[in-house]
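Asker: This is the structure I have questions about; it appears just below.
The values are calculated or read from the model by the stated rules, or taken from the named source; none is laboratory data. All of these numbers come straight from a predicted model, not from anything done at the bench. Cβ sites come from the backbone with ideal geometry, for glycine too, and all protein chains shown count toward neighbours. Surface areas here come from the heavy atoms of the whole protein model, side chains and all, with no ligands, DNA or RNA. Shrake-Rupley method; radii C 1.70, N 1.55, O 1.52, S 1.80 Å.
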Amino acid sequence: MESQPEKRAAAEPADSGGEGGAGGLPQVAGGRSEDRVTLLLRLRAQIKQQLVEYKSMVDANEEKTPEQIMQENQIEDKIEELENEIEEVKIAYEMKSIALNRIQRSTALQNNLEKIDAKNSEFMDNMKQILKLNKLIIRSQKESRSLERKRLEIKKKRLDLKKASESKLLEIQTEKNKQKDDLDSMENSDKIKTIRQNLQMEINITTVIQHVFQNLILGSKTNWAEDSALKEIVLQLEKNLTRI
Amino acid sequence: MSVLRPLDKLPGLNTATVLLVGADDALLQRLADSMLKTDCASELRVHLARSLPLPSNVNRPRVDLLVFVINLHSKYSLQSVEKSLHHVDASFFLGKACFLATGAGRENLCSVHRNTIVRLARTYRSPVLFCDLEVEGSRAAMAQRLARMLQISAGHVPGVSAMSLLSLLRSSESPSLEDL
C-alpha cells in the first residue's frame, strides 16, 4: 500500500560491560577469549529468555479461548481480572524470592558466625540497630492499633447517641400528631354539636325575650331616656347576645 | 502478510528490531537516528513505516517492538495510526507495542488532545510515552528508553519479559479519566 522506506543499520557495539571489540556475531577476528566467553554467555542468556517466551506462548495457545462473543464491558472486566492475576503472581514470586534470600543469608551468617569478631564489628552494630528499629516498629504499631480501637469505640457511641436522639424526636412527633388528632376529633364530636345547638337555641330565646321587653317598654310610651334605671335596662337589652 | 504477528519468525542472534509506524517521515527518521546512536549491547535494527500493512514482498526480520508515533499537531497522524492498528495481531499488545505521542508541549499547535491518546492506549492496554521529538535532549532520552524497552521485548534481558514490563508500566487509573 504505502511505500516503506526501510533502513537497516547496525549499531556500533557498545563498550559497556567490558565487551570491547566484539562484533554482533561471534566472528571475532582476534578477539580475546574472555570477551568471547562473555559474549557467548550473554547470547546463551538471550536464547534462554527467548525460549521461555516461545514456550509460554505455546502454552498460552493451548488454552481454549471462549468462542462466544462477549459484550465489550465484559471483555474489559475479564482483561482486568487477568491483569490482576498477573500482578498477584508477580507479587507472590517477589515475596518468595525475598524469603529465599533471607534464608540464604541467615544460613550463610550461621555458617560464618565463628569467624566474626563479636565485639567490634559493624555487623553487631547493624544487628543492634535492626533490633532497636524493630522494637520501635512494634511499639508504634501497638499504639496505632489501640488508637484505632478507641476511635472505633467513639464512633460507635456517637452512632448510638444519634439513634437514641432520632427515636426521641420520632416520639415527640407522634405525640404532637396525637394531640392534634385528639383536638380535631373533639371538635367534631357529637356532644359538642348538641351543646352548640342548645346554646344557639338559648341565645335565640333570650334575644326574643329581649325584643319583647324592649317593645313592652317602648310600647308603654314612657320617656325611658329620662329615667336612669329604665335607660340602663333598654341599653342592656340592645346587647347582641351572639357576640358573647 | 496482511496482519503483523509477533512471533511468526525466529529471532536473529543478538539482534533486536523495532518498527516505527507514523505519518511524519522526518520525525521518524530523527528518532531512528537517535536510537541508533544509543549504547546497546545488542545489535539494533530500526524499520520505519508510514502505515500498515507492510508490503509482503520484502524479507524482513521479526519485529520485536512496535512503536506508533502520533504527532499531536496533526489529526492525520492519529487517523493513519488508527487505520494501521487494524492490521496488527492482538498478541502484539502483550507488551510488544507502545504509543509515542510527540508535541504535547506546545498547546497552541495541538489539534489532538492528549486525552485522546491516553484513551487509545488504555483501550489497547499498552503504555503511552510522551516526548518532544523536535528537541534533541528529549529525543535522545526517549531513544534510550525505547532501546531498553526493545531489548526487553526481544528477550535479551534475562528475567524480564515483555509482559512483566507491561504490568510495570501500567499507570494507575485516576478516577477523572475513567469517566471520559
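Asker: Restricting to the range B:36-50, name every residue that is open to solvent by less than 20 Å² (accessible area, probe 1.4 Å) and closer than 15 Å to residue B:100 by Cα.
Answerer: Start the filter on the range B:36-50 by keeping residues that are open to solvent by less than 20 Å² (accessible area, probe 1.4 Å), which leaves B:38, B:40, B:42, B:44, B:46-49.
Matches in the range B:36-50: B:48, B:49.
Asker: Name the one entry in B:66, B:28 that is buried (at least 17 other Cβ atoms within 10 Å of the Cβ), of a type in the set (A, V, I, L, M, F, W, C) and either assigned to a helix (DSSP H, G or I) or facing another protein chain (nearest Cβ under 7 Å) (or both).
Answerer: Step by step, each of B:66, B:28 is checked, and only B:28 is buried (at least 17 other Cβ atoms within 10 Å of the Cβ), of a type in the set (A, V, I, L, M, F, W, C) and either assigned to a helix (DSSP H, G or I) or facing another protein chain (nearest Cβ under 7 Å) (or both).
Asker: Please count how many residues of the range A:196-217 are of a type in the set (A, V, I, L, M) and open to solvent by 100 Å² or more (accessible area, probe 1.4 Å).
Answerer: Selection size over the range A:196-217: 3.
Asker: For residue B:145, are the conditions met, namely being over 13 Å from the mean Cα position of the chain (by Cα), touching a residue at least 12 places away in the same chain (Cβ under 8 Å) and either surrounded by fewer than 20 Cβ atoms within 10 Å (Cβ to Cβ) or away from chain A (no Cβ under 14 Å) (or both)?
Answerer: Working: over 13 Å from the mean Cα position of the chain (by Cα): no; touching a residue at least 12 places away in the same chain (Cβ under 8 Å): yes; either surrounded by fewer than 20 Cβ atoms within 10 Å (Cβ to Cβ) or away from chain A (no Cβ under 14 Å) (or both): yes.
Here the answer is no, as residue B:145 does not meet what is asked.
Asker: Scan the range B:3-18 residue by residue and report those that are facing chain A (nearest Cβ under 10 Å) and either open to solvent by 10 Å² or more (accessible area, probe 1.4 Å) or within 15 Å of residue B:100 (Cβ to Cβ) (or both).
Answerer: Correct list: B:7, B:10, B:11, B:12, B:13, B:15.
Asker: So the check is Cβ under 7 Å with 6+ separation or different chains; which pairs have a first residue in the range B:41-58 that's more than 7 Å from chain A (Cβ to nearest Cβ) and a second one that's of a type in the set (Ser, Thr, Tyr)?
Answerer: Here the result reads B:42/B:15; B:52/B:84, each pair linking the range B:41-58 to a residue that is of a type in the set (Ser, Thr, Tyr).
Asker: For the range B:69-89, which positions are within 13 Å of chain A (Cβ to nearest Cβ) and either free of Cβ contacts under 8 Å to residues at least 40 places away in the same chain or closer than 23 Å to residue B:16 by Cα (or both)?
Answerer: Passing the criteria: B:81, B:83, B:84, B:86, B:87, B:89.
Asker: Given A:37, A:52, which one is more than 14 Å from every other protein chain (Cβ to nearest Cβ) and closer than 30 Å to residue B:15 by Cβ?
Answerer: Going through A:37, A:52 in turn, the sole match is A:37.
Asker: In this structure, is residue B:33 within 12 Å of chain A (Cβ to nearest Cβ), open to solvent by 50 Å² or more (accessible area, probe 1.4 Å), part of a loop (DSSP other than H, G, I, E, B) and among the charged types (D, E, K, R)?
Answerer: Numbers: within 12 Å of chain A (Cβ to nearest Cβ): yes; open to solvent by 50 Å² or more (accessible area, probe 1.4 Å): yes; part of a loop (DSSP other than H, G, I, E, B): no; among the charged types (D, E, K, R): yes.
No: the conditions fail for residue B:33.
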